[in-house]
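Accompanying notes for the structure given below.
Bear in mind these aren't lab numbers, they're just calculated from the coordinates by the rules spelled out. Since we're looking at a predicted model, the values are computed, not measured. Here Cβ is always computed from backbone atoms with ideal geometry, including for glycine, and neighbour counts include all displayed protein chains.
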Ligand code: NCD
């Protein structure tokens, strides 16, 4: 088994593979811009989306990525599956594997599920978000979005990034911090003390106004209310007053700053300015690039060399 068999966390994948995947993403972005954005690279392969948690963009993005590579796709709608009749995760995975699945794309509320599932199947595993732990394809698409904005820079040395908001409950924050740090960026977490992780993963501070005028990248996080006990943030508008991107803070952003958010946005909580009015917003570029990044990951796991570059196959 090679280390490329799964894509489950940024640290497991490692910097060399990340750099290679960023290059493959660039190629996939070019494919996606073609009038017919489809290549036969994964014809005959079957990819199964197993989403045990809500998702709009990640599920649609993986589905689109698989289709652009000509793979067959299966999507289990957990709400109407035998999971509701008490079928275990293991039986569900073994049943679907027996139908001939080459890769499972998994989102689950429990951290570590992609590692557990890998014990029960020979299929490749892609982590589409496990609990509070990791969301590595989000990190890859974000790194690619920044790299594109920097004109294809392969190193982020000196890039100052502030990741703002509910870091504690955010798998996105963990994976994005890992990838951007690996690529050389200076990552700072900006959050109330109660929303920082118990184990520090980057330098942190508690005052957005201190950094908003200086940063190259302002990465906003969604307030993960569904993962929160009561009392972690004060009520009323106190959180928004101190940590949201407001029109006043947006005016202090550098002209060449990048404003990012993984979605879904809680307008009026972490952002009160309309991002479509901000020249610095890359939020929709992130969504577009997500398809190319996921094509890169799926191709890397399931493609054979030659099927992408060979003109007769592309
Ligand atoms: C994120 C997630 O699900 O972790 N969304 C996404 O995949 N784009 C972030 C979030 O839910 O806040």
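A few points about this structure:
- Extending 7 Å from Cα along the Cβ direction at residue 70 and again at residue 265 yields two label points whose distance is 3.8 nm.
- Modelled FRET efficiency - R0 25 Å, residue 30 with residue 78, Cβ distances, 0.05 increments: 0.10
- A Förster radius of 35 Å, combined with the Cβ-Cβ distance separating residue 274 from residue 60, puts the computed FRET efficiency at roughly 0.90.
- In the chain, the DSSP-assigned H stretches of four residues or longer account for a calculated mean residue ellipticity at 222 nm of -10500 deg cm²/dmol, using -39500 (n - 2.57) per stretch and the full residue count as denominator.
- Crossing angle, helix 57-68 versus the chain [Cα axis fit, 0-90 degrees, rounded to tens]: 40 degrees
- Residue list for segment 148-162, given a label point 7 angstrom along the Cα-to-Cβ vector of residue 214 and an amide N cut-off under 18 Å: 157-162
- Global geometry of segment 136-282, whether rounded, prolate or oblate, following the gyration tensor of its Cα atoms and the 1.5 cut on a/c: oblate
- Of all DSSP beta bridges in segment 104-189, antiparallel share, percent nearest 5: 10 percent
- With the simple model of a label 7 Å out from the Cα in the direction of the Cβ, residue 288 to residue 12 spans 3.2 nm.
- Each 10 Å bin from zero up to the one holding the largest Cα-Cα distance in the chain carries the following percent of pairs: 6, 27, 33, 23, 10, 1, 0.
- Plainly put, segment 33-76 has a radius of gyration that is 1.02 times its Kirkwood radius, both from alpha-carbon atoms, as the Rg/Rh ratio.
- Considering only the chain, percent of DSSP beta bridges that pair antiparallel, nearest 5: 5 percent
- Residues within the reach of a label modelled at residue 95 (point 7 angstrom out along Cα to beta-carbon, backbone nitrogen below 13 Å), restricted to segment 69-85, are 76-85.
- Folded to 0 to 90 degrees: helix 171-182 orientation relative to the chain principal axis, Cα: 90 degrees
- Angle in degrees between helix 136-149 and the longest Cα principal axis of the chain, rounded to the nearest 10: 60 degrees
- Range of Cα positions in segment 110-166 per principal axis (Å), largest first: 42, 27, 15
- Cα gyration tensor shape for segment 187-266, rounded if a/c is under 1.5, else prolate or oblate: prolate
- Between residue 23 and residue 226, the simple label model (points 7 Å from Cα in the Cβ direction) yields a spacing of 3.8 nm.
- Zone of residue 150's modelled label, taken as backbone nitrogen in segment 248-275 under 20 Å from a point 7 Å along Cα→Cβ: 254-262
- Rounded, prolate or oblate (a/c below 1.5 giving rounded, otherwise prolate when a/b exceeds b/c) for segment 1-132 by Cα gyration tensor: prolate
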